[in-house]
Structures are given as structure tokens and as C-alpha cells.
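Q: This is the structure I have questions about; it appears just below.
The values are calculated or read from the model by the stated rules, or taken from the named source; none is laboratory data. Note that the coordinates shown come from a computational prediction; the quantities given were computed from them, not determined experimentally. For neighbour counting, all protein chains shown are included, and Cβ atoms are generated from backbone atoms with ideal geometry for every residue, glycine included.
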Amino acid sequence: MFQGKKILLGVTGSIAAYKSLLLVRLLIREGATVRVIQTPASRDFVTPLSLSTLSRNPVLSDLSSADTWANHVELGRWADILLIAPLSCNTLAKMAQGLCDNLLLATYLSAVCPVVVAPAMDEDMWRHPSTRANLERLRSFGNLIIPVGNGELASGLYGDGRMAEPEEKLDFVGGILKAKEGSVPVKTGTGGEKGHATSDRDLSGKRALVTAGPTYEAIDPVRFIGNHSSGKMGIALAEELAGRGAQVDLVLGPSALSTEHEGITTHRVISAAEMYKACMESFKQSDIAIMSAAVADYTPVEAAPEKIKKSGSDSLVLELTRTKDILKALGGIKKKGQVLVGFALETRDERAYALGKLQTKNADLIVLNSAKDKGAGFGVDTNKITIFGKDGQEWSYEQKPKQQVAKDIVDQVVKLLYV
Ligand code: CTP
């Protein structure tokens, strides 16, 4: 995937800069041509000599020196991808504001290729509202953000903000290159976002299936067994997928909510059995399936044809039978290239149960939300998730609005789809 590809690597001032040495090595080994731009601050963390030796090209750093001027426009046009890793808080803020006081920033503003950033910072900086706002701004420019990890940080503390490992960055960038070459889900240069990859259309030409909301299992013509799912998370996912260019089948249980988003076809269903049927039909054509519905696990063996009247007895016994597990059924017929995502809402032993569901249902990703978290789960506008991948990967996110959670989930799906 990298053979003959031109990667422009921006290195900024962060302890994580040492990892750029390994990244350059991996890129060269994969057959890429690598040119490195360092910000002045990054030279305190990693030397130009090491980077130039490994990249086999002189390292660029200054906008001008004596009588020469570094042509940032040429650099911005040369690259197939501009990858800024690590991305420090300082460079992030300057990018968000359009500042241009070094060669890397000038090149960023001139780039006509996809721009990918790998943030690296301590947890408190990562959580600061200015960092959140700056990242959102980059995202709105169409820049692609490699999620940070959770782990030991330079401060010695543990938490979010750890830069993705070199292999993960390689995978991410490989996925974008593949996308550029294939059915072109990553576009460049639309409208006012001159020259920047628009991550918002990275699912053009793809089909997605999303389930959302509760299911109602009829006891008699006026009563049912249901749950408190509002459908908000699933609708946010459907809208995120459609917003990024996918054609979406939304299989929606009896939720009070709906969506008018173009690109979404809503299939209203009531029961788990109806949801199962709609999903089996749509899945065959789907590249992506995200099962976020809270499907009833049991349904009355028989719904009474007439309203059940009180009898003389103080108790009433309903006989229930298991519903079909839709996610598991799709996992059983999943073909290569289809990405299947399930949810797990747990109240205890969250991790173990989520990992168990990943395996038994043959999903590619499981999104865990704990019912113990106040800002997560049914009815609320926010969610707090951890995503588990098949190869043991784990991504934890802070609590955020469901629209942004949907973006995080779809970002992980895109990585699987194109790698
Ligand atoms: N799911 C499904 N069909 C069912 C039950 C669940 O497709 N009949 C899906 C949900 O949409 C979700 C995942 O399976 O993506 C996990 O659902 P959850 O209710 O957390 O787990 P269950 O598999 O039902 O197991 P349990 O209730 O025992 O935790």
C-alpha cells in the first residue's frame, strides 16, 4: 500500500516525538518516500540527524535560511499524505487558528492532500476545553484525527492522551491511501476547505445497516414487554454514517424519535422478530452493520388475541421464549469486508461481558457502555464508551454528546473498512 507513496511527516515538540523514529523506519520499510518537517521545539526531543538518517532525506525545519527559502507550497503539493505525529497542544492550537510561524504550519496551510494528525499530550491538557474545541475545528476542516490511547503518560500518570503507536498510525494512514486509490471515499479539495481531505465523505458508495431503539413484545393487544431505550444513539450513528456519504438502512424500533436525514431509509419495526427480518434482508447489501438497538431477549410464547382480564388469582404467569439474537445471526453469515459492530450495556463485569460478546457474536467491534455511568445509556444525550476490537485493541473515550460518540465509533469502523 505504501510502495512509491510520498509521506510528509510533521514532528512537533512532544515527548512522544521519539516514536517518530520508529514510524519513519516502518514507512521506509513499507516502500514509502518520507520527508520530515520538524518544528523548532521538536528538536529538543528528537534530532534532525536521526530523522534524516532514517528517512534518507534531509530534514526540513526553517522557512528560510540565509538566501534560500523552503517552498512550502511545493511540499504541500508533493505529499500524498501529510501526517503530523506527534501533534502537540501548541501546534494543534496554531493549526486551529491558521497561524503560520514555522515551516510545518505554512506547509499545512498549503497542503492539497489528506491531513492526518496524531495528538499526544498529558491527560489534563487532552481534556481541556480548548483542546477539545481545537480538535473539533480541525475535524471541521476535514483533517483526520488518529484516536489517542489510554495508558502511561510522560508525567508518570495514567490516562487518555497517549499517542497512537507507530503500527496503529501505519494502519490508519494505509487505510486512507487505500481509500484514495479505491472507490475514493476520501475526497480532496471541496468548497472552501481548500485541499484538505474531507473525512465527512469517507463513506461515499458504502451501505450501512443500523438498528436503534427498543423492541416491544406483545403480551396482548394493549400490553407489551419493552425497555427504556430512546433510539438516540442509533439515530446519531445513522446520521453520522449518512453524513459521511453512506446509504443507510435504519431499522428503528418503537421510538418517539425519527430522522429526516437524506441518505437514511427508516424501516419501522415493533418486535424483535420484525427487527430480525428487516436486518437479514438489509445485511446482504451492507458494508457496515451497527447493532445499537436494545432488543428484547425474551418474548411471550403467544400474544393473547384479546386483552387479558384480571382473574381470581393474585398472580399471573407469562411464559416467555428466547428471541433470535440478530447480532449473532449476522456474525454467522458475515462475509470478508463487512464490518459488524455490536453494543454491550452492562451493570457489572463490563469488560469481561463485552469481550465475551465480541467473541460469541463474531463482531469486529463491541461498544461498551456501563449502566453505572450517569452520563451513559438510555435516554440521556451523552454517552461514555469503550470500544473493543478483535485483536485485543481497546479505546476508551470520555463522556460526550451522542453525536460525537457516533463520530468516534464511525472513525473506528472506517479504519477497519479500509485497512
Ligand atoms: N442483540 C441482538 N439481538 C438480540 C439481543 C441483542 O442483535 N436478540 C444485540 C444488541 O443490539 C447489542 C448486542 O446484541 O448490539 C448485545 O446486546 P445486550 O443486550 O447487551 O446483550 P445480550 O446479547 O442480549 O446478552 P445479555 O442480555 O445476557 O447481557
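Q: Considering region 365-419 alone, what residues qualify as being of a type in the set (D, E) and surrounded by 18 or more Cβ atoms within 10 Å (Cβ to Cβ)? Outline the logic, then answer.
A: Filtering region 365-419 for residues of a type in the set (D, E) gives 373, 381, 391, 394, 398, 408, 411.
Correct list: D408, D411.
Q: Kindly state which helices (runs of 4 or more DSSP H) lie completely within region 269-366 and contain at least 3 residues that are assigned by TED's automatic domain parsing to the domain that holds S255 and more than 28 Å from A218 (Cβ to Cβ). Don't jump to the end; show me each part of the working.
A: Details: elements: 272-283, 326-333, 350-360.
It comes to 350-360.
Q: Does E302 satisfy the criteria of being without any contact (Cβ under 8 Å) to a residue 60 or more places away in the chain, away from the ligand (no atom under 14 Å from the Cβ) and surrounded by fewer than 17 Cβ atoms within 10 Å (Cβ to Cβ)? Before you say what the answer is, go through the steps one by one.
A: Values: without any contact (Cβ under 8 Å) to a residue 60 or more places away in the chain: yes; away from the ligand (no atom under 14 Å from the Cβ): yes; surrounded by fewer than 17 Cβ atoms within 10 Å (Cβ to Cβ): yes.
Taking the combined requirement at face value, the residue satisfies it.
Q: Among the residues of region 220-230, is any under 30 Å from L203 (Cα atoms), touching a Phe, Trp or Tyr at 6+ places or on another chain (Cβ under 6 Å) and within 14 Å of the ligand (Cβ to nearest atom)?
A: yes
Q: Turning to a different aspect of this structure: Is it true that some residue in region 389-401 is within 30 Å of R139 (Cβ to Cβ), within 16 Å of the ligand (Cβ to nearest atom) and out of contact with any Pro (no Cβ under 9 Å at 6 or more places or on another chain)?
A: Taking every residue of region 389-401 in turn, at least one turns out to be within 30 Å of R139 (Cβ to Cβ), within 16 Å of the ligand (Cβ to nearest atom) and out of contact with any Pro (no Cβ under 9 Å at 6 or more places or on another chain).
Q: Take the residues in region 98-123 that are under 22 Å from the mean Cα position of the chain (by Cα) and either over 21 Å from D411 (Cβ atoms) or of a type outside the set (A, V, I, L, M) (or both); name whichever of them is surrounded by the most Cβ atoms within 10 Å (Cβ to Cβ).
A: P119
Q: Shifting gears a bit: Among the residues of region 184-207, is there at least one that is touching a strand residue (DSSP E or B) at 6+ places or on another chain (Cβ under 8 Å), outside any loop (DSSP other than H, G, I, E, B) and modelled with pLDDT of 90 or more?
A: The answer is yes; a qualifying residue exists.
Q: Further question: Evaluate the following for G392: is it over 27 Å from D171 (Cβ atoms) and within 19 Å of the chain's Cα centre (by Cα)? Show your work before the answer.
A: Values: over 27 Å from D171 (Cβ atoms): no; within 19 Å of the chain's Cα centre (by Cα): yes.
Taking the combined requirement at face value, the residue does not satisfy it.
Q: Another one. Just need a number here: residues in region 321-349 that are in contact (Cβ under 8 Å) with a residue 40 or more places away in the chain and either within 11 Å of the ligand (Cβ to nearest atom) or over 21 Å from the mean Cα position of the chain (by Cα) (or both).
A: 11
Q: Can I ask one more? For region 248-299, what are the residues that are more than 12 Å from the ligand (Cβ to nearest atom), under 26 Å from V414 (Cα atoms) and of a type in the set (V, I, T)?
A: Scanning region 248-299 gives V248, T259, I264, T265, T266, I288.
Q: Can you name every residue in region 350-364 that is surrounded by 15 or more Cβ atoms within 10 Å (Cβ to Cβ) and near the ligand (Cβ under 9 Å from one of its atoms)? Give the derivation first.
A: At the first step, the residues of region 350-364 found to be surrounded by 15 or more Cβ atoms within 10 Å (Cβ to Cβ) are 350, 353-355, 357-358, 361-364.
Answer for region 350-364, where residues must be surrounded by 15 or more Cβ atoms within 10 Å (Cβ to Cβ) and near the ligand (Cβ under 9 Å from one of its atoms): Y353, A354, K357, K361, A363.
Q: What is the residue count in region 208-246 for residues that are in a helix (DSSP H, G or I) and hydrophobic (A, V, I, L, M, F, W, C)? Walk me through it before giving the result.
A: Looking only at region 208-246, we keep the residues that are in a helix (DSSP H, G or I), and these are 232-243.
Narrowing the set further to residues that are hydrophobic (A, V, I, L, M, F, W, C) leaves 233, 235-238, 241-242.
Count: 7.
Q: Check R132, R137, R77, R127 and return the single one that is of a type in the set (K, R) and without any contact (Cβ under 8 Å) to a residue 12 or more places away in the chain.
A: R132
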